[in-house]
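The numbers here are math on the coordinates, done by the rules we state, and not lab data. Because the structure is a prediction, the values reported are computed rather than measured. Cβ: placed from backbone, ideal geometry, glycine included. Neighbour counts: every protein chain shown.
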Amino acid sequence: MLALWGAQVPHGWVTGDDELGRHTGFRQALRERGERYVLGGPCNTIIRDLEAPLPAYQGRGRRPKAPWQSVTEWRQALHPTAWRRLTVRDGEKGPVEIEMVTRRVQTRLERKRTGPHEGLGITRRPLSDERMLEPQASRDATDQDARYCSRYYLTPTCGAEAELEEPSQAELARVITAGTGIEASFKRGKGEVGLDAYQVRTWQGWHHHMALSLMAVWFLIGETHRGQQLTPALTLPPVRYGLSLLLLEVYCTLGTDSICRQVSRQLMRNELARFYHHRTRKCLPPRKLCRDIQ
């Protein structure tokens, strides 16, 4: 796909879960193309920490190197101060924050062969946090202890011809959490415009349904962002509800004032639900609602 359409689709990163990141040949092909990637890795990935202090040299033979170990063992040996808390963006339920640590490591290939230098990123979140900040992955892509759930990611440090610029932790955190937005878009499409409600017999009909559904989602999201300039608490469901009432106005006599009153009631109900959600978490919710809807 990158060979055929890569030049026509501008992109900065290639992302994927551990089902793609566990294949060393796939990561090698991306490095040869000079692509920057953030791919998930299983918790049993074997690495060598290139920034760790080297063992003492005994004066004979080769100089020792850092030992090979799994990423789980390496994470468990980290000092608590090694973790850094980053704020990625503002979410509907408060700021989206993530704890992260990065390190330059060396990975292993198949048959215990020494692999290239790569960047390792580990994220963790408390088990009490039920928000999905990262894409869903397989069972061995995460591990957890008594307090945190951790995930592992690999990123290149060099390409086929030259060294790649090392991204900042803030940039890596943004790319890692961006996958959630893609999954949320598909979930929104299934719930709002019937992305999964199709009965077709050919692939051409399936592609037509998907294209029209995604265009409808794109239109609703655009209208939501435009309306949030006047009413910050506006979300996509009230926009869809208001548009449906406008379409019904051809056959009924609702009027614009009636539609605004009904949408306003929905917004007040959503704001009360958000307020009590923050109240249960014992935190002050940010003010978003404008009572006058224009």
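Please give the contour-minus-distance gain from GLU51 to ALA7: 0.36 nm per residue of separation, less the Cα-Cα distance, rounded to one decimal in nm.
Gain in length upon complete extension: 12.2 nm.
Given points 7 Å out from each Cα along the Cα-Cβ axis, report the ALA184 to LEU78 separation in nanometres with one decimal.
That separation, rounded to one decimal, is 2.4 nm.
Mind ordering 21-33, 62-74 by average Cβ neighbours within 10 Å, highest first?
21-33, 62-74
Quick one: compute the contact order of region 2-179, relative version, from alpha carbon pairs under 8 angstrom and 6+ residues apart, as a percent.
Answer for region 2-179 is 26 percent.
So for the pair LEU164, SER70, with labels modelled 7 Å out along Cα→Cβ, what separation do we get in nm?
Roughly 2.7 nm, to one decimal.
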